Amino acid sequence: MLVHGIGMGAVTFTRFIEAILPDAEVLAVDLPGFGDSPEPERALSIPDTANLLAEALRAANERTGRNDPVVAVGHSMGAQVVAELAARHADLVDRVVLFAPAVNAAERTVKQQAKRMMQDLFAGKPFIAMATGVVEYMKAGPRWFIKKLEPTMDHRIEDCLPQVVQPALVLCGSKDKVTPPEWCYQVALELPDGELTVLGGPGHEAMIAEGETAAERVWHWLES
């Protein structure tokens, strides 16, 4: 199950999905107000977003008659949602992948995050990552982005990490300015059963720019 970051949608995982699809069933979600999902009246907190996702998963299991826990993969804000989902609804999650998990505790202000996003944007980002990001941000719109930014900034992922008992992989790009390797290392240390992999080259949108490499690393970890 793939959960995107703020301003994005499930389409940002396209290359990741294409690479992993022969070996796995994939569920890629559009959180409320992003991608093709309609904008709700209010922005949910990160824990409430995780609870909403849990309700959707349980409803899907009832509909299909299945009860298989998922491998939950979250990028940036999606990593916050996935961490809360794993901590609060452990029966639904078998393993966890936190891809560039937000928000860096050393820079948890809107001003600092905006600065890092701009640095990441111009740090040799491939055209496909820039183009996909622009399209997705336009679909979400600035008003909803700003409304969702507040609960994203308020959430402290480090508070729920000790309750994530599932095996967990933390992934980040070596050139990520938003969630740098040093921060991702701290995230991995807070997990009871966590490990860190740094992908050499990409920035914060590594799942767009190097989705195949990320999928290969995730699949190798799942097999091992």
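Things to note:
- For the chain, Cys with no neighbouring Cys Cβ under 4.7 Å: Cys160
- Residue-span extension gain [Leu189 to Arg42] - 0.36 nm each, minus C-alpha spacing: 49.5 nm
- Those residues of the stretch 89-113 whose amide nitrogen sits under 14 Å from the label point placed on Arg156, 7 Å along Cα→Cβ: 103-109
- Estimated FRET transfer efficiency (Ala59, Glu25; beta-carbon r; R0 22 Å; 0.05): 0.80
- When you count the other C-beta atoms within 10 angstrom of each residue and take the mean per peptide, 99-111, 74-86, 173-185, 48-60 line up highest first as 74-86, 173-185, 99-111, 48-60.
- Helical runs assigned H by DSSP (4 residues or longer) give the chain a calculated mean residue ellipticity at 222 nm of -14500 deg cm²/dmol, each run adding -39500 (n - 2.57) before division by the residue total.
- The H on the amide N of Val29, modeled in the peptide plane, is under 5 Å from the matching H of Leu2, His4, each at least 5 residues off or on a different chain.
- Within the chain: Cβ-based charge dipole about Cα centre, in debye rounded to nearest 20 (Lys, Arg +1; Asp, Glu -1): 760
- Top positive-direction residue, dipole computed over the chain with Cβ charges, set Thr179, Ala86, Val164: Thr179
Here, each number is a calculation from the coordinates, and none is a lab measurement. The shown structure was predicted, so the numbers you read here are calculated from the model rather than taken from an experiment. Backbone-built Cβ (ideal geometry, glycine too); neighbour counts: all protein chains shown.
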